[in-house]
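Participant: Sharing a structure, written as structure tokens. Questions coming.
The values are calculated or read from the model by the stated rules, or taken from the named source; none is laboratory data. This one's a predicted model, so the numbers in the text were calculated from it and none came from an experiment. Cβ placement follows ideal geometry from the backbone for every residue including glycine, while neighbour counts extend to all protein chains displayed. To get the accessible areas, we keep the full protein, side chains included, count just its heavy atoms, and leave off ligands, DNA and RNA. Shrake-Rupley method; radii C 1.70, N 1.55, O 1.52, S 1.80 Å.
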Amino acid sequence: MFVKMIAAAATSVMLLAGAASAEIFIVEMLDRGKDGLMVFEPAFIAAQPGDTIEFVSTTKGHNVVSIAGMLPEGAEPFRTKLNADFSLTLKAEGLYGIKCAPHYVMGMVGLIQVGEAVNLQESAAVGHPKKSARRFERMFEQVL
Ligand SMILES: [Cu+2]
């Protein structure tokens, strides 16, 4: 009886682990967030291959664009329409830099780490408008 209960507990733990291995992160696109005007919130995410980011167009006028030089090898560049929700399933390991095209100069950028930050040096070397550069600096400090 006791052994059976342990087996059942082990099974449910494994099921939970299986569910947790493909996480879904919600990122809101906002005119105003905790970090000020024009933000992805949260702006930094540490994820694993297989996870999905759901970008939600909470306030209008935003989009999601991958930044040249801030994509891991094998990852496809992307650019969404304004006001569109966007689901990004992460496969390639590394750092993904994103921006909102209309608000790049206002610092609307984000950083997604998938597994190992294998492209850290080249990603950190990319230049940005001042406000975005400052926000990226703080995000790079969070890279694991
Ligand atoms: Cu925007």
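Participant: Tilt of helix 2-20 relative to the longest C-alpha principal axis of the chain, in degrees (0 to 90, nearest 10)?
Facilitator: Computed tilt is about 10 degrees.
Participant: Hey, another quick one. Give the long-range amide H neighbours of Ala46: residues separated by 5 or more places, or on another chain, with amide H under 5 Å away, using H modelled in the peptide plane at 1.01 Å from N.
Facilitator: Gln113
Participant: For Thr59, what accessible surface area do you get with a 1.4 Å probe? Give it in Å², rounded to 10.
Facilitator: So the heavy atoms of Thr59 present about 40 Å² to solvent.
Participant: Tally Lys/Arg at +1 and Asp/Glu at -1 over every other residue whose Cβ is under 13 Å from the Cβ of Ala101; what's the total?
Facilitator: Result for the neighbourhood of Ala101: +3.
Participant: Could I ask something else about it? How many nm separate the modelled label positions at Leu82 and Glu116, each set 7 Å beyond the Cα in the direction of the Cβ?
Facilitator: 4.2 nm
Participant: Leaving out ligands, DNA and RNA, what percent of the accessible area of the stretch 22-140 is carbon and sulfur, probe 1.4 Å?
Facilitator: Accessible surface attributable to carbon and sulfur in the stretch 22-140 totals 53 percent.
Participant: Here's something else I'd like to know. Treating the angle as unsigned and between 0 and 90°, give the value, to the nearest 10°, between the Cα long axis of helix 130-140 and the longest Cα principal axis of the chain.
Facilitator: For 130-140 against the chain, the angle is about 20 degrees.
Participant: Looking at the stretch 26-144, send over the antiparallel percent of its DSSP beta bridges, to the nearest 5.
Facilitator: Around 70 percent antiparallel, to the nearest 5.
Participant: With only Lys, Arg, Asp and Glu charged, each at its Cβ (+1 for the first two, -1 for the last two), find how big the charge dipole of the chain is about the Cα centre; round to the nearest 20 debye.
Facilitator: The calculation lands at about 420 debye.
Participant: Sticking with this one: Sketch the reach of a paramagnetic label on Ala125 as a point 7 Å from Cα along Cα-to-Cβ, and name the residues of the stretch 51-92 whose backbone nitrogen lies under 13 Å away.
Facilitator: From the stretch 51-92, the list is 69-70.
Participant: May I ask you to give the solvent-accessible area per residue for the stretch 22-140, in square angstrom, as obtained with a 1.4 angstrom probe?
Facilitator: For the stretch 22-140, the per-residue accessible area is 50 Å².
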